[in-house]
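Everything below concerns the one structure shown next.
The values are calculated or read from the model by the stated rules, or taken from the named source; none is laboratory data. Bear in mind that the values here come from a model prediction, so they are computed numbers and not experimental data. No Cβ is skipped: glycine too gets one built from the backbone with ideal geometry, and neighbour counts run over all protein chains shown.
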Amino acid sequence: MLKLVYAPIFVRQFKKLNGDLKEEVWEKIEMFKDVSNHKILRVHKLNGPFEGRYSFSVNYNFRIVFSYGKKKEANLLAIGDHDVYKN
């Protein structure tokens, strides 16, 4: 199981989501904690200005950007639609 660290901007972005989407996000985060689910969530490495970071899908439109921290730790950095890659 991964331990998660939530960046302040992730928390602010999460608070702005509607209730149904928040519930879906929590379900995917719980799945993400188990590394065996990463293929289902389509975890992938990002390139360009986001090199060293990764992303996984919440649904067709929303993504969570994260980085790996210490052993068995992931830092959730941002959540949003594809515009999240512009930040």
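Overview of values
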{"read-out": "Strands (runs of 3 or more DSSP E) completely within the chain that count 2 or more residues being on the phi > 0 side of the Ramachandran plot", "value": "none"}
{"read-out": "Matching residues in the range 17-31 - criterion: being under 12 Å from Arg63 (Cα atoms), of a type outside the set (D, E, K, R) and modelled with pLDDT of 95 or more", "value": "Val25, Ile29"}
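Conditions (1) among the charged types (D, E, K, R); (2) loosely packed, with under 13 Cβ neighbours inside 10 Å; (3) without any contact (Cβ under 8 Å) to a residue 60 or more places away in the chain, marked per residue:
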{"residue": "Pro8", "(1), (2), (3)": "no, yes, yes"}
{"residue": "Lys15", "(1), (2), (3)": "yes, yes, yes"}
{"residue": "Tyr60", "(1), (2), (3)": "no, yes, yes"}
{"residue": "Arg63", "(1), (2), (3)": "yes, no, yes"}
{"residue": "His82", "(1), (2), (3)": "no, yes, yes"}
